[in-house]
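Peer 1: Handing you this structure, nothing more for now.
The values are calculated or read from the model by the stated rules, or taken from the named source; none is laboratory data. Because the structure is predicted, anything quoted here is derived from the model rather than measured. Here the Cβ positions follow ideal geometry from the backbone for every residue, glycine too, while neighbour counts run over all protein chains shown. Side chains are part of the model used for accessible areas, which takes the heavy atoms of the whole protein and leaves out ligands, DNA and RNA. Shrake-Rupley method; radii C 1.70, N 1.55, O 1.52, S 1.80 Å.
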Amino acid sequence: GSTSEDSSTSGLDIIAANDLTSRANYAYSFLAGLGFIAGCFLLYSFIFTYRAQRRLAWLDGLLGAFCSIQLLLVLLSLHAVAYRPDYLRTTGLGCAALSFAINTASLCGLLVLVLIAYVLTQDPPSHALLRKPGVCVALVILTSLLICLLLAGLRGTHNGLQEEGICFMDPVKASYAAARFCLAFLVPYILQLGLLLSGCIRQWKSEGRFLHGSEEGPVFLTITSVMFFCQLFYGVTLVKDAHLEVALDPQKRAFLSVAEFVFFSGSSVNLLLVLLVHRPRRESLYSLFQQLRDCCQSPRHSQPSRNIIAPHIEITDTLQDIES
């Protein structure tokens, strides 16, 4: 009797856990779709600006790199969308490579935010070397690779490299979880916090307003806050489960899956926020809607509407020029 009750309770727990994971999967799939569309438009917008002006402002270039990395993370998250509530089954080597790619992309994004904070707070920058795009790209990629190689060594493989099994993005191991939380989360945000505090102190001494007049300042503060809470939630959940030192029951495994979706949702939300908060990108979106509206109008009505709209656009541009 007790055995049948235990198996019945276990079956109900598994069903409830799968239901929770599936609901989170549906919600994230919708958000990831929006984030993917926003990311594609942002890439198009940055490339179009570069081709039109033959250059990108330094902060625009960093913001474009950040958006590209977030779009890559959205694509890497498809392994979770495709298989949950179950898990991807692959070889130990394939699973380690997937985890390494996700951690590297995530850390690259955080280090790009550190560079944005540096450029925003150190104006003019004290190190001209960091104004060179090639140096910054090499620094971000090399630092991310070294840290993620260290994490890959701590991660190991659950079975042999060629043995097929269930693939978890991050293993529930205490040493790995603690190292990942410190190196891939705390260190980048401590650097950002230090730069922001130094910028505040410098502006306070010069009696200026911090980030005043910067297009990228509000965008940076918004996206780094979203990234902080998403990464914090996932990191704390992983560390908490790892320190239990027991096999996770279905409910805890489902909650860890939800935490993974929260981790990936930061990328989609940030792509949408950059599109809506950053004025040049928002104006590009508005211009696209204007063009689509003009294309959808019948030929007999398009000419009068263009004559009416043209003076308005000219006045708006003049006001923007005065503001800038």
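Peer 1: Taking the Cα centre of segment 15-286 as origin, work out the dipole magnitude from +1 charges on Lys and Arg Cβ and -1 charges on Asp and Glu Cβ, in debye rounded to 20.
Peer 2: Here segment 15-286 has a charge dipole of around 660 debye.
Peer 1: Can you send over the solvent-accessible area of C295, 1.4 Å probe, protein chains only, in Å² to the nearest 10?
Peer 2: 110
Peer 1: Can you sort W204, W58 by solvent-accessible area, 1.4 Å probe, largest first?
Peer 2: The ranking, largest first, comes out as W204, W58.
Peer 1: Report in % the part of the accessible area of segment 15-286 that belongs to carbon and sulfur, leaving out ligands and nucleic acids; probe 1.4 Å. Display every interim value, and only then the final one.
Peer 2: Numbers: 9170 of 13380 Å².
Taking all protein chains in place, segment 15-286 shows 69 percent carbon and sulfur surface.
Peer 1: Ok, one more. Please give the net charge around L63, taking every other residue with its beta carbon less than 11 angstrom from that of L63, where Lys and Arg add +1 and Asp and Glu add -1.
Peer 2: Once positives and negatives cancel, what remains is -2.
Peer 1: If R₀ is 22 angstrom, what is the calculated FRET efficiency for the pair Q122 and F229, using the beta carbon separation as r and rounding to 0.05?
Peer 2: Efficiency computed from Cβ-Cβ geometry: 0.25.
Peer 1: Let me ask something else. Among the lysines, which have Cα under 20 Å from the Cα of K173 when same-chain residues fewer than 8 positions away are ignored?
Peer 2: Qualifying lysines at Cα under 20 Å: K240, K252.
Peer 1: Something else about it: If you count only protein heavy atoms and use a 1.4 Å probe, how large is the accessible surface of H243, to the nearest 10 Å²?
Peer 2: Solvent-accessible area, nearest 10 Å²: 110 Å².
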